[in-house]
1. Kindly indicate whether F404 is within 30 Å of I302 (Cβ to Cβ) and of a type outside the set (S, T, Y).
2. For region 247-293, name all the residues that are within 17 Å of L188 (Cβ to Cβ) and small (G, A, S).
3. Considering only residues that are open to solvent by 50 Å² or more (accessible area, probe 1.4 Å) and in contact with a Lys or Arg (Cβ under 9 Å, 6 or more places away or on another chain), which ones fall in region 166-190?
4. In region 382-397, is there at least one residue being at pLDDT below 90 and part of a helix (DSSP H, G or I)?
5. Quick one: would you say I311 is open to solvent by less than 10 Å² (accessible area, probe 1.4 Å), more than 30 Å from E256 (Cα to Cα) and modelled with pLDDT of 95 or more?
6. More than 14 Å from L181 (Cβ to Cβ), more than 29 Å from the chain's Cα centre (by Cα), among the polar types (S, T, N, Q) and surrounded by fewer than 18 Cβ atoms within 10 Å (Cβ to Cβ) - does that describe any residue in region 268-285?
7. Quickly run through region 175-234 and pick out the residues that are more than 23 Å from A318 (Cβ to Cβ) and in a strand (DSSP E or B).
8. What pairs come out if I take residues in region 380-408 that are at positive phi and pair them with residues that are open to solvent by less than 10 Å² (accessible area, probe 1.4 Å) and not basic (K, R) whose C-beta lies under 7 Å away, six or more apart or interchain?
Amino acid sequence: MLSTSYWVPTATMAFPTFPDHCFFRYDHHHRNDHKALRRWRIRTTAAAYPLFSNQIQLTKDSSSRHKLYQEAIKTSRDKFTREISFQSKDKDISLAKALLYVAAEDEVFMSFNREMDACSILNERRNVSSPSEAIDWDSLEQMPLGGKTIPEWLSELDAIAKEVEAELVSRDIGCHLVEVLEAVNLVLFESRGLTRSPVLVDSKHSYLHSVLSSRCGSAILLSIIYIEVCRRLGLTIVGSRVGEDFLIWPQTGYPEELFKVTSGHSLFAIVNGRCVEDPRSMASDLTGTSLLGLEIATNRDIIGIALANLIRLHWKRASRSNHGLMLTSPLRHVNDAGEKPNVMDKSNVPLLRPQDLRLAIMASERLLILQPHNWALRRDHGMMLYYNREYGKAVQELSICMAFAPEEEAEILEPFVEKLHLMRLESTWKSLGHTGRLTVP
C-alpha cells in the first residue's frame, strides 16, 4: 500500500533561524534626560502621525510574534526528538505524534515567512494597514494546524477507531481478524474516502493532518493512518519495504493464513490493495514463507521513510526552475576531467526556491537525528547547505561525511570540499580589501 523513499543525511541539528529585528539606539550614551526627551518626541510624533503610531505598534507586535514563532519551532523539534529518542522503546513511539510535530514545525516556519512577506508589503506601501492576523495561541498544543490542534488531530484518529467499532457492532460481527480489517477498510476508504495520491507534487499529501483533512495522501501516510487506527483497536500491524512498495499486514504467527483466498481476495490483498495482485509488482510474488524473510520496519524506520519523502518532495519543488538538477550535480562537475581546474565560485550555484529548500534541510536535520551515521544522508544534507549558500556548514557536514563514506565516495567529495573551503577563504580575503584569486595548489 506504499511508497519507497531514499535515505538521506545531515550534521548539526540546528533549528531554522529567522532574521532578528534590530533596533538602532542613537541615544545609548546620552544622559537619562535625553532618553526621556526622545520618548516624549516619539509619543508626540505618534499622536500627530497615526501611521507612524501604527508602525511602532507593528514593530512591537512583530517582535513578540517573532519570539512566539521561534519558541514554537524549537518546541516542535524538541518534542519530535524526545518522541523518537533512542532512550525510548521503539514500540512506545507514536507515529502520529512524531509526524504531527514535524508538520507543526514546518507550519510555524511557513507562517513566519508569510508574516515577513506581509511586513515587507506594509513597509513598501505605507498606506496599507497591517494584514497580520491575531495569534490566539501561546503554546504548541494550542497552535492550530489545519484548523485543529495536535491533541484534536490525535482525537480524530481515536474517532476513526470508534467508527470501526461501531461498524462491527452494527453488523453483529465478532472480532475475527478478517472482519476487523474489512471494517477498517470500509471506514477508511469508503466512509472517510481516503485515496492515494498518484504523484507527490502537493506538499499537503505528505503531512499527516493534511491527509486526514483532504483525504488524499501519499502511500506511506495512508499506511501510517492504517497502523495507528489498528493500534487503537488492539491490533498490531507491521510493515516492510518490498521493491517500490511499503507493504503492511497484521502480525501473526501463521503468515500462510494471510494468503488464503476467501471471497476472491486474500487477507494480505485486503490490507495492501491492488499492488499485491499486480504482476509487475514484487509484492505479487510474496508467499507466507517469503514474508518471514522480510525485514520488519521499526517505527523509527517508518518515520524515516516519511521524512525522506519530504526531503525528496521539497527538493523537487525547490529545484523546479532547474530541470534535472540533482543534489550531487556539482560533484560531477568538479571531478570532470575536461573541466577547467579550480573553477568554482558563488555565481555557479543555481538559484532555488528558498522556502522549499529550507523545508528540505529541516526534514534532513530530523532524519539525521534518526540516522546520524548515514553517510549518504549527510552528504545530501551538506549539498543542500551548499545550495543554500551556507558554505561553512556545508564544509563541516561534507567533511564529517567523508569520515563515514566508502573510500571511492570520499575521493569524489574531497576536491569539492577543498574548493568549497577555498570559496569561503576567498570571500574573507575580498572582504578585507584584497584582490586576486586564491587557488588550491
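1. Numbers: within 30 Å of I302 (Cβ to Cβ): yes; of a type outside the set (S, T, Y): yes.
Taking the combined requirement at face value, the residue satisfies it.
2. Of everything in region 247-293, those that are within 17 Å of L188 (Cβ to Cβ) and small (G, A, S) turn out to be A269, G273.
3. Listed by number, the list holds a single entry, E179.
4. The answer is yes, given that some residue of region 382-397 is at pLDDT below 90 and part of a helix (DSSP H, G or I).
5. Values: open to solvent by less than 10 Å² (accessible area, probe 1.4 Å): yes; more than 30 Å from E256 (Cα to Cα): yes; modelled with pLDDT of 95 or more: yes.
Yes.
6. At the first step, the residues of region 268-285 found to be more than 14 Å from L181 (Cβ to Cβ) are 274-275, 277-285.
Keeping just the survivors that are more than 29 Å from the chain's Cα centre (by Cα) gives 277-280, 284-285.
Subset that is among the polar types (S, T, N, Q): 284.
Narrowing the set further to residues that are surrounded by fewer than 18 Cβ atoms within 10 Å (Cβ to Cβ) leaves 284.
For region 268-285, residues more than 14 Å from L181 (Cβ to Cβ), more than 29 Å from the chain's Cα centre (by Cα), among the polar types (S, T, N, Q) and surrounded by fewer than 18 Cβ atoms within 10 Å (Cβ to Cβ): present.
7. Residues of region 175-234 that are more than 23 Å from A318 (Cβ to Cβ), as a first pass: 175-196, 212-213, 215, 222-234.
Within region 175-234, T195, R196 qualify.
8. That search, which allows pairs on different chains as well, returns R389/V349.
The values are calculated or read from the model by the stated rules, or taken from the named source; none is laboratory data. Everything numeric in this text was worked out from a predicted model, so none of it was measured. Glycine also receives a Cβ, built like all others from the backbone with ideal geometry; neighbour counts cover every protein chain displayed. Heavy atoms of the whole protein, side chains included, go into the accessibility calculation; ligands, DNA and RNA do not. Shrake-Rupley method; radii C 1.70, N 1.55, O 1.52, S 1.80 Å.
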